[in-house]
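Have a look at the structure below before the remarks.
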Amino acid sequence: MDENVWEKTKNSKITMVIIILFILLLVICGVISISIYSGTSNVQSYFNNIEASSSIYSEVSNQTSINKKLSDISNNDGYTLDNAYTETNPYGISPLSGIIIFQTKNDEQIKVYINNKYVTTTDSSKKHIIPIYGLLSNYDNTVRVESSSESQDYIFKTSEVNVDYPLTINKSTEITNDIYLTVDSYTRKISGWDTEGSLRFYLDAPNSMDIEFLDNNHFLIGVPQGTYRDQYIGFVEMDYLGKIYNYYTLKNGYSFDFQILKDGTIMVPGGDTPVYFTKQMITSINPKDGSVVDSLNIYDIVKNIDPDFNEKYLGPSAIRNGFYYDEDSHDLVVSFRNINTIWCFDYQNKTLKWVLTDPTNELFQSDVWKNYLITVDTGRYPLGQHSPQLIDGNLFYFNNGIDRYKLNELNEDDTVTNYKNNYSDVELLHIDETTHQATNLYTYDADKKYLSIKYGYSRILDNNHKLIDFGYILKDSYRNTKNSLKETEKGVDNIYSKIIELDNNNNIIFEATSEEGKYRVFKHSIYNETTENIDLNTLNIINTIPNDNLSESNYKKININDSIEWINSLEFTKNTFTTDYNFKEDDSIKLYFMNKAGKIYILDYKDSNNKNINRIFNVSLPSGYYALFIDVNGTLYKTNKVYTW
């Protein structure tokens, strides 16, 4: 055969083979594509609902977009002192605040006046992002900004802020720039009132409990995420605008109390694990990264002294409701309300120094406690007490006068008339550690008129004034009834609160009442003498809870089509999972997170051998969207909720 013909025939056969192989490849790819499309389209059907943030604390997730908007405005040189950008309540949760943004050609300090009253001067800058605090409710507030060469007035119109239980001023002899901040016991909202009784601050967000003020006029406040009783996962650093700078979630949790040490370290109570802990601890953390600097384990110290001490009262059941650390002496006093006890520890050496409780307290009858118990000369001991404080080595605290141990733990008859002679007071004691004797230096008991059965707070302020919160007083008309004291604690109908400030001569200079319980009260100036321009770019999310190990699977191995509707409530964050579904102690529970590609990450929330039906975790996933499924004892439920990471 001619060589050219042979070569052509050979090439034709090769071409035919290639065409056939190409057609087969297209068929195979088509089959695969149809299969993939069928599978992925099935997966996509679970991503139709509106996405939620993996952090349920919406104030944090909302901050980023607000910060960006305001930052863009601050870079616009079209906004000048006489043509500034203004906005009331820019972060949506502080209705009596506002912001003014403009630029000047040269570095300028700006004086700020609100309703013709000078309030502060800003740092020198060309770019001005000025927070406006303390506006009046339902009012056209005039805010003047004044440079070295010009000034301009702006109107900030506020709506009516309806506080469920306002503060009524009964007496006020000093007009100052300070406000009285109260934490409501039912709405858990924070409101601030000036010395004339006008509302000047309101935080329309579920932040509550203790407030600790920083030198930069920010404050620390708890967040509701993961709350069980009064145990929290963490807290935020916030300003009066409602702008959040740092959001902390802590591996030891946080039990509603703070103290800022001289070096900026944050001291908080917590546990061996967050929220659902068994061992009460006091921990010092680095504010930059949330890492633990130092800690004191109250459980271990007490059990080393008395191995038979009931461990129930060394965890949440003791209801630790106050602590105070003296950095000079290293003394740390801690109140355990439910066992009527104030402990004093040496925080540096991790030892117990003394115990203030009634000598008849059945928890301290072992001989090992003889070297720790303090005897008080008046014979009056802590009963359901709050807020211990060390002042010049002396102990100042609010004594509720209600035996919480007998009431809650021994189920003592709680008929209200049984407590007609009880009263609350504040006491200042000098404690001699050598003789174990306490001498009463001062008592304010308001003529024994008030019985604050649930809350109370007291502080000696920097100017030596005494600020006292009788936070949950039984009404006089109710003191002679046969009602249950425990039932009374559940509502506001038969109680009120009274706030009193005493001057250096122990004269009343401020007195206010509210027809609701007030958990705590603080006195603070809403402005510093010099105010920093707002740092719009700072929002740190600091999480020290270790990542949970997640196993992996996919939609083919786990038949998501067989999942059934989850009809119960559901709240999920990257650290918490709550529902009204009645989990049992021997249930096995898993959470499945499926991304849009059908990959599934599995959190073993609880196995059948774990009796604890609640826990804190840390789900860390690659950025994206995730449909949530719940597996209970092998039955798969679809929640129809999609979360973002």
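The values are calculated or read from the model by the stated rules, or taken from the named source; none is laboratory data. It should be emphasised that the depicted structure is a prediction, and the values quoted were computed from it without experimental measurement. Here the Cβ is made from the backbone with ideal geometry for all residues, glycine too, and neighbour counts use every protein chain on show. Quick note on the areas: whole protein, heavy atoms, side chains included, nothing else; ligands and nucleic acids left out. Shrake-Rupley method; radii C 1.70, N 1.55, O 1.52, S 1.80 Å.
Here's the yes/no breakdown for (1) open to solvent by less than 60 Å² (accessible area, probe 1.4 Å); (2) in contact (Cβ under 8 Å) with a residue 24 or more places away in the chain; (3) under 27 Å from the mean Cα position of the chain (by Cα):
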residue: Lys596; (1), (2), (3): no, yes, no
residue: Tyr601; (1), (2), (3): yes, yes, no
residue: Val619; (1), (2), (3): yes, yes, yes
residue: Ile630; (1), (2), (3): yes, yes, no
residue: Val642; (1), (2), (3): yes, yes, yes
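If you scan region 548-577, which residues turn out to be more than 23 Å from Tyr245 (Cα to Cα), among the polar types (S, T, N, Q) and out of contact with any Leu (no Cβ under 7 Å at 6 or more places or on another chain)?
Asn549, Ser551, Ser553, Asn554, Asn559, Asn561, Asn568, Ser569
Identify, from the list Tyr240, Tyr186, the residue that is surrounded by fewer than 18 Cβ atoms within 10 Å (Cβ to Cβ), aromatic (Phe, Trp, Tyr) and at negative phi.
Result of the check over Tyr240, Tyr186: Tyr186.
Can you pull out the residues in region 527-547 that are open to solvent by 40 Å² or more (accessible area, probe 1.4 Å) and farther than 30 Å from Pro90 by Cβ?
Once the filter is applied, which keeps residues that are open to solvent by 40 Å² or more (accessible area, probe 1.4 Å) and farther than 30 Å from Pro90 by Cβ, region 527-547 yields Pro546, Asn547.
Filter region 168-183 down to the residues that are open to solvent by less than 60 Å² (accessible area, probe 1.4 Å) and within 23 Å of Gly98 (Cβ to Cβ) and list them by number.
Thr176, Asp178, Ile179, Tyr180, Leu181, Thr182, listed by residue number.
Among residues belonging to region 408-461 that are among the β-branched types (Val, Ile, Thr) and part of a strand (DSSP E or B), point out the one that is surrounded by the most Cβ atoms within 10 Å (Cβ to Cβ).
Val426
Cβ-Cβ under 8 Å, sequence separation 6+ or interchain: first residue in region 565-591 and free of Cβ contacts under 8 Å to residues at least 60 places away in the same chain and open to solvent by less than 70 Å² (accessible area, probe 1.4 Å), partner part of a loop (DSSP other than H, G, I, E, B) and among the charged types (D, E, K, R). Which pairs?
Listed pairs, sorted by first residue: Asn568/Asp580; Ser569/Asp580; Ser588/Asp607.
What strands (runs of 3 or more DSSP E) lie completely within region 25-110 and have 2 or more residues being open to solvent by 10 Å² or more (accessible area, probe 1.4 Å) and at pLDDT 90 or above?
Per the criteria, 85-88, 98-108.
Give the number of residues within region 579-615 that are closer than 20 Å to Thr278 by Cα and of a type in the set (Ser, Thr, Tyr).
Residues that pass the stated criteria total 1.
Out of Val293, Val268, report the one residue that is part of a strand (DSSP E or B) and surrounded by fewer than 17 Cβ atoms within 10 Å (Cβ to Cβ).
The conditions single out Val293.
How many residues does region 164-175 contain that are in contact with an Asp or Glu (Cβ under 8 Å, 6 or more places away or on another chain) and assigned to a loop (DSSP other than H, G, I, E, B)?
The qualifying residues number 3.
Testing Asn216 on (1) within 25 Å of Pro287 (Cβ to Cβ); (2) surrounded by fewer than 23 Cβ atoms within 10 Å (Cβ to Cβ); (3) modelled with pLDDT under 95; (4) touching a Pro at 6+ places or on another chain (Cβ under 9 Å), one condition comes back false. Which one is that?
Unmet condition: (4).
Return the total of residues in region 367-414 being within 16 Å of His436 (Cβ to Cβ), out of contact with any Lys or Arg (no Cβ under 9 Å at 6 or more places or on another chain) and of a type in the set (Ser, Thr, Tyr).
Number of matching residues: 3.
Quick one: what pairs do we get from region 504-526, first residue open to solvent by 20 Å² or more (accessible area, probe 1.4 Å), second not in a strand (DSSP E or B), C-beta under 6 Å, 6+ apart or different chains?
Listed by first residue and then by second, the contacts come to Asn504/Asn464; Glu515/Tyr165; Ser525/Asn177.
Return the only residue of Thr142, Thr182 being closer than 25 Å to Arg320 by Cβ and in a strand (DSSP E or B).
Thr182
Modelled with pLDDT under 95, under 11 Å from Val275 (Cβ atoms), among the small types (Gly, Ala, Ser) and not in a strand (DSSP E or B): is that true of Gly253 in this structure?
No; evaluated as a whole, the condition is false for this residue.
Limited to region 76-106, what total is found for residues that are of a type outside the set (Phe, Trp, Tyr), at negative phi and touching a residue at least 40 places away in the same chain (Cβ under 8 Å)?
Summing the residues that are of a type outside the set (Phe, Trp, Tyr), at negative phi and touching a residue at least 40 places away in the same chain (Cβ under 8 Å) in region 76-106 gives 15.
Which residue is nearest to Val333 (Cα to Cα), if the candidates are limited to region 406-437 and must be touching a residue at least 24 places away in the same chain (Cβ under 8 Å) and β-branched (Val, Ile, Thr)?
Ile431
Under 15 Å from Tyr519 (Cβ atoms) and among the aromatic types (Phe, Trp, Tyr): does that describe Tyr180?
When the stated conditions are applied, Tyr180 passes them.
Take the conditions of a type in the set (Gly, Ala, Ser), under 30 Å from Asp447 (Cα atoms) and open to solvent by less than 10 Å² (accessible area, probe 1.4 Å) and apply them to Gly315. Does it pass?
Spelling it out, it is not the case that Gly315 is of a type in the set (Gly, Ala, Ser), under 30 Å from Asp447 (Cα atoms) and open to solvent by less than 10 Å² (accessible area, probe 1.4 Å).
In the set Asp300, Asp263, Asp257, Asp272, which member is out of contact with any Lys or Arg (no Cβ under 9 Å at 6 or more places or on another chain) and charged (D, E, K, R)?
Within the list Asp300, Asp263, Asp257, Asp272, the selection yields Asp263.
Out of everything in region 455-500 that is acidic (Asp, Glu) and without any contact (Cβ under 8 Å) to a residue 40 or more places away in the chain, what residue ends up being nearest to Asn422 (Cα to Cα)?
Here the answer is Asp476.
Test each condition in (1) touching a helix residue (DSSP H, G or I) at 6+ places or on another chain (Cβ under 6 Å); (2) on the phi < 0 side of the Ramachandran plot; (3) surrounded by 18 or more Cβ atoms within 10 Å (Cβ to Cβ); (4) not small (Gly, Ala, Ser) for Ile305 and report the one that comes out false.
(3)
Check off (1) in a loop (DSSP other than H, G, I, E, B); (2) within 27 Å of Phe258 (Cβ to Cβ) for Trp354 and give me the number that stays unchecked.
Unmet condition: (1).
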